[in-house]
Amino acid sequence: MRILSKPVLVAAIAAALVLPLPARAQSSADSAAAAQALFAQLFAHAFVTQNALAVETAWPGIESALRRQRPDLDAAAVADLRREFERIRLARLAEIMKDVPEIYARHLTAEEMRVLATFYSTATGIKMLQALPRILPEAFALVLPRMQALTGDTQETFIKVLRERGILH
C-alpha cells in the first residue's frame, strides 16, 4: 500500500470537509415545473418573512435620515415610504433569486419537490417557512465559529487513526 504524505492527506481531508457533493442531473420539464412551484411557495413565505425582518432592521436608520432631510414628513407618508422600500427590496430579491429553482431541480426529483410543496402547504410547513428566517441566523451564529475547529479536529483525529493503522507515519 502506498503511504500518503501528511500535507497531501491533510489537503484531501480539508477538501472533503468543505466541498459540496456533486449535483444529480434533473432536466425534465416536470422537474423544472415542480422546482418553480416549490420555490414560489418558499419565496412567498420564507423570503417574504426574511425581507420583512431585514426592512424592520434597516428602517429605523432610513426613517431617521428621512426625518433629518424632511422633518415635516407625517406618519402616513413615512408608512407609505416604508411599504415602498419593502416592495422594492422584495422585487429585487425575487430578481436575484430567479435562477434558484434550477438548483432545486438538479438536486431533487419532481416527486420529492411535490412532497415538499405538500408539506409546506400545511400549517406546520408554513410555520416552519416563516420561522426559518429567524432560526437560520441564530444557528449560523452558533455554528460558524465552530466550523474551523471542526476541520482542524477532524483532520487531527483522522490522521491519528491513519497512524494507528500504519497508513501514515
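Any read-out appearing in this document is the output of simple, stated calculations on the displayed coordinates, not a laboratory observation. Worth saying up front: this structure is predicted, and the values here are computed from it rather than measured. Backbone-built Cβ (ideal geometry, glycine too); neighbour counts: all protein chains shown.
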Q: Can you figure out the FRET efficiency of Lys127 with Ser28, using R₀ = 25 Å and their beta-carbon distance, to the nearest 0.05?
A: 0.20
Q | Only Lys, Arg (+1) and Asp, Glu (-1) charged, at Cβ; the range 21-169 dipole about Cα centre in debye | A | 240 debye
Q: Return the long-range amide H neighbours of Ile167 (sequence gap of 5 or more, or a different chain), with a cut-off of under 5 Å between placed amide H atoms.
A: none
**Q.** Kirkwood hydrodynamic radius of the range 23-86, from inverse mean 1/r over distinct Cα pairs, in Å
**A.** 14.6 Å
Q. Regarding the range 23-136, what whole-number volume in Å³ per residue does the convex hull of its Cα atoms give?
A. 116 Å³
Q. Which of the peptides 46-54, 77-85 is most tightly packed, and how do the rest follow, judged by the mean count of other Cβ atoms within 10 Å per residue?
A. 46-54, 77-85
Q | If the convex hull is drawn through the Cα atoms of the range 74-169, its volume per residue in Å³ | A | 218 Å³
